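The values are calculated or read from the model by the stated rules, or taken from the named source; none is laboratory data. Note that the structure is predicted; figures quoted are calculated from it, not measured. Because the Cβ atoms are built from the backbone with ideal geometry, glycine has one as well, and the counts that use them run over all protein chains shown. Accessible surface is based on the protein model in full, side chains and every heavy atom, while ligands, DNA and RNA are left aside. Shrake-Rupley method; radii C 1.70, N 1.55, O 1.52, S 1.80 Å.
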Amino acid sequence: MFRHILSVGGLTLASRVLGFLRDVLTAALLGAGPVADAFFVAFRLPNHFRALFAEGAFNSAFVPLFSGKLVQDGAASARRFADEVMTLLVIVQMVLLLAVLAFMPQFMKVFAPGFADDPEKFRLAVLFTSITFPYLLLISLVSLYGGVLNSMSRFGSAAAAPILMNLCLIAALVVGTPLMPTAGHALSWGVLASGVAQYLYLAWDARRADMTLRPVVPRLSPDVKRFLKVLGPAALGSGLTQISLFADTLIASALPTGAVSYLYYADRLNQLPLGVIGIAVGTVLLPEMSKRIKSGDEAGAVDSQNRAIELSLVLTLPAAVAFVVAGTPILSVLFQRGAFGPSDAAASALTLQAYALGLPAFVVIRSLVNGFYARHDTATPVRIALAAVGINVALKLALMGPLAQVGLAVATSVGAWVNAGLLALLLHRRGLFRADARLTRNLPRMAIAAAAMAGALWLATERLAPWLGAMSMVERLGGLVVLAVVGLAAYAVAAVLLGLVRRSDLSRLRRRRAKA
């Protein structure tokens, strides 16, 4: 499991590095003005629906059932089930796509009502979203193929697919911007092109695995009925989660120009550890637990969950500490150039610090929720999400006035901790999860190591201020690299001294990777 997590995490890291290059170019060419706000809404909306219809509810219902059929009934039966689900998915997505495209202005008034006061921004948002929204159909099929391949322990192609998205968007910025009215137009077409590229790549890998999916005559077979029964609560739960994200877009559209962009740039950095660690762990853990539970190995499933949580926290805490302590120099060095000025960097840094407070919770949620999904229980996370989203949205409304977009990020972090706490509590009460001796022993050690890193970063930031604030980009990048090395070294030394990471663990991991 660790080997697969490292593989998925490594590919995701490559994608995120390209994503940062994309964001650096986007900040320089697009800035944080009305065109940027319009594009980011157009980019976020199909991704909100993607999380609802594809990665969220869909995968949580599909992967355990597909994995179970692979174990019990074989590949041919599992493929028939996937064919039926794909047909259903395409029908639903086509209806949604046609409805949204037909009523795009009305749709935009619902999801970005603040734009209505600025006719040009509203017009651009409608245009850009009309271009990007078909991406939802393509990326939903990508998620389906990804679930199929992940269940077969073929994690590479699904993890590598976002690399193609970033390459397409970089190409759109570099090649398309000079040929189009704005960089927002070029990026919108790049989003659509990236959906086509990712779909073709995943379909090709599925063909190599002899798992090509084909549309069939729609019918409610017993397998599809079971899938829909599990999907219903999962869709409701994902819908509740997306309410919080929709609320960010909706409320931020009513804030002064730039708020949507500040949220975007901060979230992009916050998504780096969440994507590299949280999603990688969750992606591998769900089929792993599903297969163990289907085989009757409940103890093995719980052990896998403990190790996944431990690994998630060990790798995530350094990122959270870095964002809180050194958020301003990180944002300034990475994005402050061209149309993205010092005030934009400062506002985005405050937003990043607020997001980072909830980063450990977001990563742990990925492991905890799989304890329910692997047992075909998608209803309980719905009830938990309802409580967390209620608190989240209420805090957004309360904090948007005094804190602007920073208040939205604070509310998001609080909601994440509520969600993670309730998930752990209910799993424990049902006897489905208990933190074992190793995890319990290492939690305080993680906290001490993180505190040591925070102190080292604070001191290093003071000493490196001339470099981090220099006019030369080479000096600023050099200062950021030194800052990162100091922080990671402090965390690593503390982790080894405290026994959080043992040399025997590292040696065993190296031997396993060598055998692989």
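At 7 Å along the Cα-to-beta-carbon direction for both residue 94 and residue 196, put a label point, then send me their distance in nm to one decimal.
Spacing of the two 7 Å Cα→Cβ label points: 1.9 nm.
I'm checking a number: the convex hull volume of the Cα atoms of the chain, normalised per residue, in Å³. What is it?
147 Å³
Using every alpha carbon pair in the stretch 310-366, what percent of pairs falls into each 10 Å bin from 0 up to the bin containing the largest distance?
25, 44, 24, 7, 0
Among the lysines, which fall within straight-line cross-link reach of residue 121, defined as a Cα-Cα distance under 29 Å, with same-chain neighbours fewer than 8 residues apart omitted?
109, 396
Roughly to the nearest percent, how much of the accessible area of the chain is carbon and sulfur, given a 1.4 Å probe?
68 percent
Roughly what would the spin-label model give for residue 117 and residue 217, points 7 Å off Cα along C-beta, in nm?
5.7 nm
How big is the dipole moment of the stretch 329-438 about its Cα centre under a simple scheme where the beta carbon of each Lys and Arg is +1, that of each Asp and Glu is -1, and everything else is neutral? Debye, nearest 20, please.
Computed about the Cα centre, the dipole is about 380 debye.
Tell me whether the stretch 57-169 comes out rounded, prolate or oblate; compute the Cα gyration tensor, take square roots of the eigenvalues as a ≥ b ≥ c, and use a/c under 1.5 as the rounded threshold.
Verdict is prolate for the stretch 57-169.
Evaluate E = 1/(1 + (r/R0)^6) for residue 346 and residue 75, where r is the Cβ-Cβ distance and R0 equals 56 Å; express this FRET efficiency to the nearest 0.05.
0.55
Output the peptides 357-368, 376-387 sorted from most to least packed, where packing is the average of other Cβ atoms within 10 Å over each peptide's residues.
Sorting 357-368, 376-387 by mean packing, highest first, produces 357-368, 376-387.
Within the stretch 186-205, which residues have the backbone N less than 15 Å from the label spot 7 Å out from residue 175 along Cα→beta-carbon, could you tell me?
Correct set: 186-198.
Taking a ≥ b ≥ c as the square roots of the eigenvalues of the Cα gyration tensor of the stretch 1-134, is the shape rounded (a/c under 1.5), prolate (a/b larger than b/c) or oblate?
Because a/c hits 1.5 or more and a/b fails to exceed b/c, the stretch 1-134 counts as oblate.
Rounded to the nearest 20 debye, what is the charge dipole size of the chain about its Cα centre when +1 sits on each Lys and Arg Cβ and -1 on each Asp and Glu Cβ?
Around 1700 debye, computed over the chain.
Counting helices only, and only those DSSP H runs with n ≥ 4, report the 222 nm mean residue ellipticity of the chain as the sum of -39,500 (n - 2.57) divided by its residues, in deg cm²/dmol to the nearest 500.
-27500 deg cm²/dmol
Within straight cross-link reach of residue 294, meaning Cα distance under 21 Å, which lysines are found once same-chain residues fewer than 8 apart are removed?
Partners within reach: 69, 225, 229.
Which residue, chosen from 350, 365, 332, occupies the Cα position most advanced towards the positive end of the dipole of the stretch 307-396, where the dipole is computed from +1 (Lys, Arg) and -1 (Asp, Glu) charges on Cβ about the Cα centre?
365
At 1.4 Å probe size, with every protein chain present, just tell me what the per residue accessible area of the stretch 347-462 comes to in Å².
40 Å²
Sticking with the crude label model, points 7 Å out along Cα→Cβ, report the distance from residue 458 to residue 434 in nm, one decimal please.
According to this spin-label approximation, the distance is 3.9 nm.
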